[in-house]
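Have a look at the structure below, then the notes.
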């Protein structure tokens, strides 16, 4: 567009009123300024847009053609302004959240249930990925916030601690009984059982591998899965000893479906929380979510 938007606004107003004097009053612009703007627009376009008479002005065929498009443009702008005002009034916004499927199910969804009640007009999208992948998306600015385990050496990530979690090893009573029959005592269970673990791309697995290395534990047989829910179900089925987060199997532990295996050296608790890229401008939706979580 080669013309100034204000020139089209004046053209649009004159076409609607059919009178330069009336347009001047509506726009709070002098009549000479209105006439000069129309004249300049006609010169730049190389056509007459209005036919002048003692009764006012009317659009020429060329003016009618231009008016059709200018009218559409200004109506679109008006709709945009109205939607923006409504968006501000209702608090409409967008929020993209990243989390592992496990943290999403057990931690994030309960938060979102109450958050949505308070902010029903914020559109929420969830990307279920490993913590490492979520961190990468946060650093690339492709997510607003992520629910993750506390990251190490991530200077551009703000981390808001939420709670501590505890990793444990658990199995069914029958599975442990069969190990005992084979002469394997509890001290050597991790060395001589089938361990059910998350895959190596998962931060939890990496944390457990460090624990194994520090305590000279060398698993013989392992089954790897990408989802803790599946891992828990495998442990309940009796396929082996599952490494799970205690909070997520508390019901099974209380009912006796699963039994926690005592460790000579307990696994240190970990922090999980919400993380966001401090180098990216925080949207209103993200700010509201952060404030909500701090008060939750």
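Some observations on this one:
- Subset tally (residues that are surrounded by 18 or more Cβ atoms within 10 Å (Cβ to Cβ) and outside any strand (DSSP E or B)) for segment 268-287: 2
- Only a single item in (1) closer than 16 Å to residue 112 by Cα; (2) free of Cβ contacts under 8 Å to residues at least 60 places away in the same chain; (3) touching a helix residue (DSSP H, G or I) at 6+ places or on another chain (Cβ under 9 Å) is not met by residue 295, and it is number (3).
- Per this entry, residue 67 is not counted among residues that are under 30 Å from residue 287 (Cα atoms), in contact (Cβ under 8 Å) with a residue 12 or more places away in the chain, part of a helix (DSSP H, G or I) and touching a helix residue (DSSP H, G or I) at 6+ places or on another chain (Cβ under 6 Å).
- The single condition from (1) in contact with a strand residue (DSSP E or B) (Cβ under 9 Å, 6 or more places away or on another chain); (2) outside the structural domain of residue 277 (by TED's automatic domain parsing); (3) outside any strand (DSSP E or B); (4) crowded, with 19+ Cβ neighbours inside 10 Å that residue 42 fails is (4).
- Qualifying residue in segment 52-61 (condition: in a helix (DSSP H, G or I) and surrounded by fewer than 17 Cβ atoms within 10 Å (Cβ to Cβ)): yes
- Residue that is surrounded by the most Cβ atoms within 10 Å (Cβ to Cβ), among those in segment 235-248 that are closer than 28 Å to residue 161 by Cβ and in contact with a helix residue (DSSP H, G or I) (Cβ under 6 Å, 6 or more places away or on another chain): 242
- Residue in segment 13-21 that is under 46 Å from the mean Cα position of the chain (by Cα), in the same structural domain as residue 69 (by TED's automatic domain parsing), closer than 16 Å to residue 67 by Cβ and part of a helix (DSSP H, G or I) present: yes
- Sole exception among (1) assigned by TED's automatic domain parsing to the domain that holds residue 278; (2) more than 30 Å from residue 231 (Cβ to Cβ); (3) part of a helix (DSSP H, G or I) for residue 102, by number: (2)
- Of the strands (runs of 3 or more DSSP E) that lie entirely inside segment 107-170, those containing 2 or more residues that are in contact (Cβ under 8 Å) with a residue 24 or more places away in the chain and under 30 Å from residue 262 (Cα atoms) span 145-149, 157-165.
- Qualifying residue in segment 98-108 (condition: under 19 Å from residue 279 (Cβ atoms) and either at pLDDT 90 or above or out of contact with any helix residue (DSSP H, G or I) (no Cβ under 8 Å at 6 or more places or on another chain) (or both)): yes
The values are calculated or read from the model by the stated rules, or taken from the named source; none is laboratory data. Bear in mind the structure is a predicted one, so any value in this text is a computation, not a measurement. Here the Cβ is made from the backbone with ideal geometry for all residues, glycine too, and neighbour counts use every protein chain on show.
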